[in-house]
Structure formats: structure tokens, C-alpha cells
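These notes concern the structure reproduced below.
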Amino acid sequence: MPESKDDPNSTYDEGNLVHCIGDIFIAGTDSTSSVLQWALLLMATHRNIQDKVYKEIEKILDPSHSICYGDRKNLPYTNAVIHEIIRSKYVAFFGIPRQCVKDVYLNGFLIPKGAMILPDLRSVLLDPEQWETPEKFNPNHFLDKEGHFVTKEAFMPFGAGIRSCLGELFARIQVFIMFTSLLRAFRLQPPEGVEKLSEEPASSHQY
């Protein structure tokens, strides 16, 4: 900030710093914990998928090995399941607000300078043209015919471009390590006497 204090176009200021730190805390706490809650619920509901994840972990990782983020490259099915959890049970309906810095025309519509932009993440995460079964939990969305993990351009739960969430990598690392560690140590199942768990978001009535 001191080095750019005389630059009128600089974005290095206390206000921007506060917002960036807020982004990281949101991604590292609330969003990550929400993803893990959905992960536990979905694995307890889809125990066949949970078993596949466990078998892959047991086959690939040595029992004495401490799980790290780099292990995702050797665990394609586990990685696909995590991505599908995040896609199908997105924790944010909209991306982080951004302010338009100049007048922009997009598909014939004017977005004026100063306008607040709220990207609708559901428009891509649930796009039927991008996903075979957009409304259903399906890890195969991220696997090719040979079972290799594949990335999807429409997977944008953190936004996209230079204005994507700053906490994305932090959240990805946390979710992968925690999810894999939990499924390595425990088998999740519904409480005794419960046949079916609800996947209805507790806050869905607010939207």
C-alpha cells in the first residue's frame, strides 16, 4: 500500500484488504464447514459411493501415510466425489459481490459503472447443457470412461477469472484433507431406525 499510495488507480488500500481477508475467512470457515456437513450427509445416504471412496483410499494410500492435498491426483474417484458434493450442494447461491469499474455492454445490456455484480452460480452448476443429471448427485460428472478425473469448465462454485474467491485454494485443501481423513477412519450411516435422510437445505425457505 505505501508503494502505490500515489497511484490513483491502485487497488492496494485498506478497504480492499478488509474485503480480501473477509473472503478468505468466509471460504475457510463457514463455506468449508457447510461443504463437509453436506459431504457427511451424502455419504451416509449413498453408502455405495462411500464404500468406493474407502476402497480407493485403502488401495492407493499406505496406512502410515498422512493425507495431503497432492494425493488427489492418485485418488480420481474420491476427487470426483468431492467435486460433485460441491457442485450439487453448492453452499452459496451467488458469488461474492463485485463492483463494475466502468460502463460495460454484455449481450446488448448496459452494466453501468458502479453497479454491484452478483454472479448466479446456479446458472452453471445446474445447467442441463453442461451436466448429464444436474439435479442429482452423480460423481460420474467428473470422470471419463476410463475412470480418470476430468475438470469441467462449468464447475465454478468459487466464481471465475481474476475476481474468483481468494479463499478457493484454502477451501479446496481443507475439504480434501478432512473428507478423505474422515472416510478413511469412519463408515457413515443413518441413525438407527432412520431409512432415508432428508437432503432438503434447512435454509431453502429463505430463498
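Observations on the model:
- Estimated 222 nm signal from helices in the chain, with DSSP H stretches of n ≥ 4 weighted -39500 (n - 2.57), rounded to 500: -11500 deg cm²/dmol
- Percentage relative contact order, segment 77-120, counting C-alpha pairs under 8 Å, at least six apart: 36 percent
- Diagonalising the gyration tensor over the Cα atoms of segment 71-192 and scaling each eigenvalue by 5 before taking the square root yields semi-axes of 32, 17, 14 Å, largest first.
- Net length gained if the chain between D51 and L17 were fully extended (0.36 nm per residue, minus Cα distance): 7.9 nm
- Surface composition of the chain: carbon plus sulfur atoms hold 56% of the accessible area, using a 1.4 angstrom probe and ignoring ligands, DNA and RNA.
- 3J(HN,Hα) along segment 89-95, derived from phi through the Karplus expression 6.51 cos²θ - 1.76 cosθ + 1.60 where θ = phi - 60°, amounts to 10, 3, 8, 10, 6, 10, x Hz, with x in place of Gly and Pro.
- Exposure of L182 as accessible area (Å², to 10), given a probe of 1.4 Å and all protein chains: 60 Å²
- Pair K136, K152: separation of 7 Å Cα→Cβ label points (nm): 1.3 nm
- Phi angles of segment 43-48 translate, via the Karplus equation with coefficients 6.51, -1.76, 1.60 and θ = phi - 60°, into HN-Hα couplings of 5, 5, 7, 9, 5, 5 Hz per residue; Gly and Pro are given as x.
- Cross-link pairs beyond the 31 Å C-alpha cut-off, checked among K5/K152; K73/K136; K89/K145; K73/K196; K59/K145: K5/K152; K73/K196
- For segment 60-139: accessible area per residue (Å², 1.4 Å): 61 Å²
- Which of A80, C20, V53, positive extreme of dipole for the chain (C-beta unit charges): V53
- The chain: most fluctuating residue of A185, A80, A160 per GNM, C-alpha cutoff 10 Å: A185
- Distance between the pseudo-spin-label points of L118 and D144 (7 Å out from Cα toward the beta carbon): 3.9 nm.
- Site pair Q99 and D7 shows an inter-label distance of 1.8 nm when each label is modelled 7 Å from Cα along Cα→Cβ.
- On full extension, the segment bounded by S64 and D127 gains 18.5 nm, given 0.36 nm per residue less the C-alpha separation.
- Around the amide H of V104, modelled in the peptide plane, lie the amide H atoms of I111, K113, all under 5 Å away and 5 or more residues distant in sequence or on another chain.
- For K52, the aspartates and glutamates whose Cα comes closer than 18 Å to its Cα, not counting residues fewer than 8 places off in the same chain, are D62, D71, E84, D144, E146.
The values are calculated or read from the model by the stated rules, or taken from the named source; none is laboratory data. These figures come from a predicted structure and were not determined experimentally. So basically every Cβ, Gly included, is an ideal-geometry build from the backbone, and we count neighbours across all protein chains shown. For the accessible areas, the whole protein counts, side chains as well, though only heavy atoms, and no ligand, DNA or RNA atoms are used. Shrake-Rupley method; radii C 1.70, N 1.55, O 1.52, S 1.80 Å.
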